[in-house]
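Written out below as structure tokens is the structure these notes cover.
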Amino acid sequence: MAQLVRDDILGDESLQGLAFCKAYTSRVDRWLRQLYVTATGAPDNVALVAVGGYGRRELCPHSDLDLLLLHDARVDVGEIAQRLWYPIWDAGLKLGHATPTVKEALRLAQDELDSATAYLDARLVAGDAALVEELLGGAKRQWLKGANTWLPKLREALVHRTVTPGEVAFVLEPDLKLGRGGLRDAHALRWLEALEPGLLKADRESYDEAYTMLMNARVALHRRLARPSDVLLLQEQDGVAAALGFRDADALMAAVAGAARAIEWLTDDAFDRVSLAGSRFRRRPRERRLGNGVTLRDGQVHLDEPVSGDPTNGAVQLLDVALTAAHNELRIARGTLEQFAAAELRFPDPWPLEVRDRFVELLRCGPPMIPVVESLDHWGLFTAVIPEWEPCRSRPQRNAYHRFTVDRHLCETAAGAAHLVARVDRPDLLVIGSLLHDIGKGYPPHDHTDIGMELVRTIGRRMGYGETDIDVLVDMVRHHLLLPDVATRRDLSDDATITAVAGAAGSTSTLRLLHALTEADSIATGPAAWGDWKAGLVRELVDKSAHVLGGGSMEDAIAIQFPTAEQLRLMKEKQHVVQAEGQTLTVIDVDRPGLFSKVAGVLALSGLDVLAAAAYSDDDGTALASFRVESRFESTPPWAKVRADLDRALSGQLALRARLAERARTYGRRIPKQARPWAPFDNKILFDNDASASSTVLEVRAIDAIGLLYRITTAMAELNLDIRSAKVQTLGDHVVDAFYVRDSAGHKITDPAYLTEIERALAYALAGGA
């Protein structure tokens, strides 16, 4: 019996994408024809039929083989099927198979979307061609007849793919096949074209280019993995980029994102056109004229007059159309987008107020603004509004912290800021600054903040803002990370911290803008970037800084909140306290080296992540430590176990180091799919003797791991460092920990040799050393 020989074609790197698929499909076709004759004797009224991806001649290296053994009702194919299927399985191929009659297949296709679409791509491999023609003809007739049934189901599937597995253009590790804007969406376009022939005629070049890119990536991914998978994992992106000739993974992912966005837009547009084509036969079109040539017709926004050649009037027309679409949550008609694109629109320089006000209003529409901007961007119109936008388009942010490309992140931030305008004095500056705060990321290798400040000054002048307002926009870019960084890494009870933030903001108005931008930016970044804990710290920092900027005293701003009066009383009485309340653990005990690290180790042993910690010691030898935690496994921390383990650890009866090492070997730290340690990240140890008047700020950035805080603080204890306070933050797959420390005499650490030894000990701890 003939054997499938495929190692040569799988290893032929000159065959990429669709060229590989066609060559591999032809190889499998020839083998199956030989197998069919050998195994079955080629009986009458039986046909071996390829469907789905195999029917489209798009077999990737590890695709499933979807086959029907189609037959006349009078033929028993049970034994024939066994003789066919087993050699296929023996060849190591994953087989999807069925043995229906034509009538049975068509009956199934009446109710199941997957079968209905798979049979549209049916193709004869061997046997009776008449059976395949009957199946294909019947499947197409049923598809056309059931259009009103299939269209809602196809659209529902699109919406589902937007959420799970997500949009190919924007997720860190996209599913090339099933993600929104992926290959399944591209197939849906072909199925829609079966309902309305010529649907893709005007977009064939764009469709083919995008589809080719996605297929190139899928084939290269299958080759690298040597197994079936369509998720382009972070650790595979460099290899796939090299295989396809891209300079690096960023270039690859930008191309994938661009292709996916094209497919997504074409799919949405095709659904609208197919739906409209069907509705025209049932009712007269409804329309509502809104002025300036803008008309609502058949659920879309149209421009029913020529685009003005005057830059201001043309800009006003475009923004009126965009505003109407956003306000009514409708799509802009394709003909209108084509009309603006053909006009080669140029915005005036500087913008008059009527243009700027309309653009600000568009941004203030919030989330409905985003699909409008996506449509404008697809037709190259958004770069007419902001030319500096071009390098940000589809630019990936390949780290676990960000969930969107640069351009989509900026739009999401502006949309989020639109909900926060009541907090600020200048809503227009908030939404403009939010849209532009990261625009410098499109211009590597420059520091994105520095180049962003230059770009925003240029853009602000073009938008017609005065220099005072431009300075505020520039400050929003300069300081867009100020509040979250300080709030999560610095001691908010230190007057130097508050003085620095108040001085950087310069005014309460700018401080409020930065506060709103921080929240919108963090939420748009991803779930790891914002939460009640971080929001509370930022709010505390803003309140204290605003108090100082408003003329209040530093003493009032830095009202002592830790230790509390009750905690000071317990320390004076030298009481041993282990108190757990909600998500906070408070420990009071005799001050000794390693107290902080032992508590941290016990918490790690119970699967608790430390979000924040503070420490204090008095002159009488009593220490206080407070830890805010969250559990990886339970909603409520297992405080009974923590208390028992802590009592043993403090009395020297718990082998913490050995237990944590054992736990790390057993469980590791489950790294989420979108947060993997091979993302570009370097461990860092930083010292800052200017941030505080009384302590050295020691900042540690590292890949997260079980017991990491224990190892870090144990290393500090061994070098007699006194931890006065700590801020611990987990960001996806890594942590940023800041410690306010003093030497054993209660002073800042300034001796270079001592600092070098601290760095050496911490580097060893970060590398996994106990």
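Filtering segment 228-256 to residues that are open to solvent by less than 40 Å² (accessible area, probe 1.4 Å), over 17 Å from PHE20 (Cβ atoms) and in a helix (DSSP H, G or I) leaves LEU234, GLU236, GLN237, ALA241, ALA249, ALA251, LEU252, MET253, ALA254, ALA255, VAL256. Scanning segment 262-276 for residues that are under 21 Å from GLY166 (Cβ atoms), open to solvent by 10 Å² or more (accessible area, probe 1.4 Å) and in contact with a helix residue (DSSP H, G or I) (Cβ under 7 Å, 6 or more places away or on another chain) yields ALA262, GLU264, TRP265.
What residue, among those in segment 139-195 that are surrounded by fewer than 17 Cβ atoms within 10 Å (Cβ to Cβ) and acidic (Asp, Glu), is farthest from GLY52 (Cα to Cα)? Checked segment 139-195; the qualifying residue farthest from GLY52 (Cα to Cα) is GLU156.
Per the listing LEU436, LEU381, the residue uniquely touching a residue at least 60 places away in the same chain (Cβ under 8 Å), closer than 21 Å to PHE347 by Cβ and either open to solvent by 40 Å² or more (accessible area, probe 1.4 Å) or touching a helix residue (DSSP H, G or I) at 6+ places or on another chain (Cβ under 6 Å) (or both) is LEU381. With respect to SER694, is the statement that it is surrounded by fewer than 19 Cβ atoms within 10 Å (Cβ to Cβ), part of a loop (DSSP other than H, G, I, E, B) and at pLDDT below 85 true? Judged against the criteria, SER694 is not a match. The set of residues from segment 386-434 being within 17 Å of the chain's Cα centre (by Cα), among the aliphatic types (A, V, I, L, M) and in a loop (DSSP other than H, G, I, E, B) comprises just one member, ALA400. With respect to the conditions (1) within 25 Å of ASP494 (Cβ to Cβ); (2) of a type outside the set (Asp, Glu); (3) open to solvent by 90 Å² or more (accessible area, probe 1.4 Å), ALA625 falls short on a single one, namely (3). Select from segment 439-476 the residues that are acidic (Asp, Glu) and surrounded by fewer than 18 Cβ atoms within 10 Å (Cβ to Cβ) and write down the one among them that is nearest to VAL360 (Cα to Cα). Step by step, filter segment 439-476, then rank; the result is ASP469. Taking helices (runs of 4 or more DSSP H) as the structural unit, those lying wholly within segment 29-124 and holding at least 1 residues that are in contact (Cβ under 8 Å) with a residue 40 or more places away in the chain, more than 19 Å from ARG141 (Cβ to Cβ) and open to solvent by less than 30 Å² (accessible area, probe 1.4 Å) correspond to 52-55, 78-90.
You will find that of ALA664, ALA649, the residue that is in a helix (DSSP H, G or I) and either farther than 20 Å from ARG711 by Cα or modelled with pLDDT of 90 or more (or both) is ALA649 and no other. For segment 565-598, what are the residues that are among the small types (Gly, Ala, Ser), open to solvent by less than 30 Å² (accessible area, probe 1.4 Å) and not in a loop (DSSP other than H, G, I, E, B)? Across segment 565-598, the qualifying residues are ALA580, SER597. Applying the set (1) in contact with a helix residue (DSSP H, G or I) (Cβ under 7 Å, 6 or more places away or on another chain); (2) surrounded by fewer than 18 Cβ atoms within 10 Å (Cβ to Cβ); (3) at pLDDT 95 or above; (4) of a type outside the set (S, T, N, Q) to ARG346 leaves exactly one unmet item: (3). Condition first: open to solvent by less than 20 Å² (accessible area, probe 1.4 Å) and part of a strand (DSSP E or B). Can you find one or more residues in segment 8-27 that meet it? Scanning segment 8-27, I find no residue that is open to solvent by less than 20 Å² (accessible area, probe 1.4 Å) and part of a strand (DSSP E or B), so the answer is no.
The values are calculated or read from the model by the stated rules, or taken from the named source; none is laboratory data. Keep in mind the model is a prediction, meaning the values are calculated, not measured. Reconstructed Cβ throughout: ideal geometry from the backbone, glycine too, with neighbour counts over all protein chains shown. To get the accessible areas, we keep the full protein, side chains included, count just its heavy atoms, and leave off ligands, DNA and RNA. Shrake-Rupley method; radii C 1.70, N 1.55, O 1.52, S 1.80 Å.
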